[in-house]
Amino acid sequence: MSDIIHELRAIVGEKGVLDTDALSSRVGNVWSGAALNAKALVRPSSTHEVSQVLAHCNKVGQPVVPLGGMTGLADAGKTEPHEIALTMERMNAIENVDEIGRTMTVQGGVILQNVHEKADEAGLMFPLDLGARASCTIGGNIATNAGGVRVVRYGMMRNQLLGLEAVLADGTVLNGMSSLIKNNTGYDLKQLFVGSEGTLGVVTRAVLRLHEALPGVGTAFLSVPDWVAVMKLLRTLDKKVAGGVIAYEVMWRDYYEVNTGETSDVKSPFADPVEFFVIAEMPFLNPETGNDEMEELLAQVFEDGLIVDGVIPKSEEECERLWQIRESFEPEKKLYDTGYYFDVSLDLAAMDDYVNSVRTELKLVAPQADLLSMGHIGDNNVHFSLGGIHENQIAAACAIVYEPLKELNGSVSAEHGIGLEKKAYLGISRTPEEMEIMRRIKTLFDPNNILNPGKIFDLT
Ligand SMILES: Cc1cc2nc3c(=O)[nH]c(=O)nc-3n(C[C@H](O)[C@H](O)[C@H](O)COP(=O)(O)OP(=O)(O)OC[C@H]3O[C@@H](n4cnc5c(N)ncnc54)[C@H](O)[C@@H]3O)c2cc1C
């Protein structure tokens, strides 16, 4: 047994460390199914243990990769055989729900869906929501500044965070577990860990902000004739509910046809083919009359020419089935042997032209591949899947997708993060001065570069 495994077992106990043999059955990424390839998996059960593990690894120069639910989509949690993976799976407790202050105190390894359910029990809600809700963790959500489907109303993970406890590379515990909404006492250090992708510290605990549960949520599934209508519809609906639109998800026809096609269990509720499909979620003040109000609203936007057709699901089952058209990746996984995924953001006014130009240019370098486009358009975020792309075409496709974003002042990652996957393109969205400050912050927090080294950017 190697010295490091022996030493880490002295800290976290025999079962707290799985060596390479014990890891063979473990997956390193839920999405890709890649194996967990690491020297060992350490499973601390307390902040104190995380601190001792990191202090020891720092002393001996042992690189450590923090892991949450392993649902990340940017290779930020990828491990190498010489690295130690540190999982938060045993630190998954919900410590407290404060119904008066509307906060929840959790450990970093708690699963997002458990946070939803606990908030629900208290008549409250935690708004961050994404397709990986049943597997991803709050620590991972913080480390990636996760977005998802409700950002248009509630903001991203960083907006849900009141307090945070993190352990730095040298074992220092930074306790910022404030539950205050207002706290202007110098630099907001917790925000440095948001989106840091495990490179600055391990998030061990957090105080989350909860919101009042909505009395009712109405969902409309709409077919929309053109991009101008997509943009106007968002404004119209949001105005109607005083800025309260909860989700505004758009699918381009290419994506929609795959997700309602032969490899999908869900079929399109619309007879006429159009270019865009929208799922909009809006709050009802009165659940009794909410659907009637929604019907009226749809009649109005139909008259205004903003929609071609619309469906208001009559049951939760119907609603879930319609959401599947947007959220399920099974149909495209069945249809294509290979795929590559993008997550970019840019101004709405420029978005459709950009998507069309990406589609046209892509056909020149990868004629057999299909561009499938959809996204959280309420917050400027479009996702692409390149179905059927070949490995040797990916670099050219990345150039086509990323390079125009410089001029458009867009972002190469709206919500998934940089990880390893987008390192080469970070300079498109960040200036050299910003990159230099990021490097200095990393060096300040982790001078020996042991925490998730090589992710987001290189130090030299
Ligand atoms: C089907 C599907 C749908 C998705 N939809 C969305 C979406 O709509 N919006 C969105 O933003 N993302 C989405 N994602 C991506 C992913 O779910 C998020 O990035 C999520 O926040 C990752 O959380 P995790 O716990 O799985 O983190 P992991 O994948 O385990 O780790 C991600 C990064 O966070 C670091 N990390 C994890 N835990 C900690 C910790 N406790 N302390 C410090 N660093 C840590 C890791 O080192 C790594 O760098 C989706 C993924 C899937 C598979």
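Listed values, structure above:
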{"read-out": "Where the Cα pairs of region 216-330 fall when distances are cut into 10 Å bins, in %", "value": "14, 49, 32, 5"}
{"read-out": "Entries of Lys239/Lys267; Lys39/Lys455; Lys78/Lys118; Lys39/Lys333 with Cα pairs more than 21 Å apart", "value": "Lys239/Lys267; Lys78/Lys118; Lys39/Lys333"}
{"read-out": "Accessible area per residue, Å², region 47-103 with all protein chains present, probe 1.4 Å", "value": "43 Å²"}
{"read-out": "Size of electric dipole in the chain: Cβ of Lys, Arg +1 and of Asp, Glu -1, about Cα centre, debye, nearest 20", "value": "1520 debye"}
{"read-out": "Heavy-atom surface of region 216-330, accessible at 1.4 Å and reported per residue (Å²)", "value": "47 Å²"}
{"read-out": "Gap separating the Cα centres of region 39-79 and region 84-156, nearest whole Å", "value": "20 Å"}
{"read-out": "Value of relative contact order over the chain, rounded to a whole percent, pairs C-alpha under 8 Å and six or more apart", "value": "16 percent"}
{"read-out": "Relative contact order of region 1-96, pairs being alpha-carbon contacts under 8 Å that are 6 or more residues apart, as %", "value": "30 percent"}
{"read-out": "Alpha-carbon Debye profile of region 94-212, log10 I(q)/I(0) at 0.14, 0.23 Å⁻¹", "value": "-0.51, -1.44"}
{"read-out": "Trypsin sites (Lys or Arg not before Pro) within region 227-313, DSSP loop, no more than 15 other Cβ atoms inside 10 Å", "value": "Lys267"}
{"read-out": "Rounded percent of accessible protein surface that carbon and sulfur make up, region 74-148, 1.4 Å probe", "value": "43 percent"}
{"read-out": "Karplus-derived HN-Hα couplings along region 318-328 (A = 6.51, B = -1.76, C = 1.60, θ = phi - 60°), whole Hz, x at Gly and Pro", "value": "5, 4, 4, 5, 5, 4, 4, 4, 7, 9, 7"}
{"read-out": "Net dipole in debye of region 336-429 [+1 Lys, Arg Cβ; -1 Asp, Glu Cβ; about Cα centre; nearest 20]", "value": "180 debye"}
{"read-out": "Those aspartates and glutamates that a straight Cα-Cα span of less than 15 Å connects to Lys190, excepting residues fewer than 8 apart in one chain", "value": "Glu165"}
{"read-out": "Distance histogram for the chain (every C-alpha pair counted, 10 angstrom bins, percent rounded to whole numbers)", "value": "4, 20, 29, 26, 16, 5, 1, 0"}
{"read-out": "Theoretical ellipticity at 222 nm over the chain - DSSP helices of four or more residues, -39500 (n - 2.57) apiece, nearest 500", "value": "-9500 deg cm²/dmol"}
{"read-out": "Length gained when the stretch His211-Lys363 is fully extended (0.36 nm per residue, less Cα-Cα span)", "value": "50.2 nm"}
{"read-out": "GluC sites (Glu not before Pro) within region 221-308: DSSP coil, no more than 13 neighbouring Cβ in 10 Å", "value": "Glu262"}
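The values are calculated or read from the model by the stated rules, or taken from the named source; none is laboratory data. Keep in mind the model is a prediction, meaning the values are calculated, not measured. Here Cβ is always computed from backbone atoms with ideal geometry, including for glycine, and neighbour counts include all displayed protein chains. Heads up: the accessible areas ignore ligands, DNA and RNA and are worked out on the full protein's heavy atoms, side chains in. Shrake-Rupley method; radii C 1.70, N 1.55, O 1.52, S 1.80 Å.
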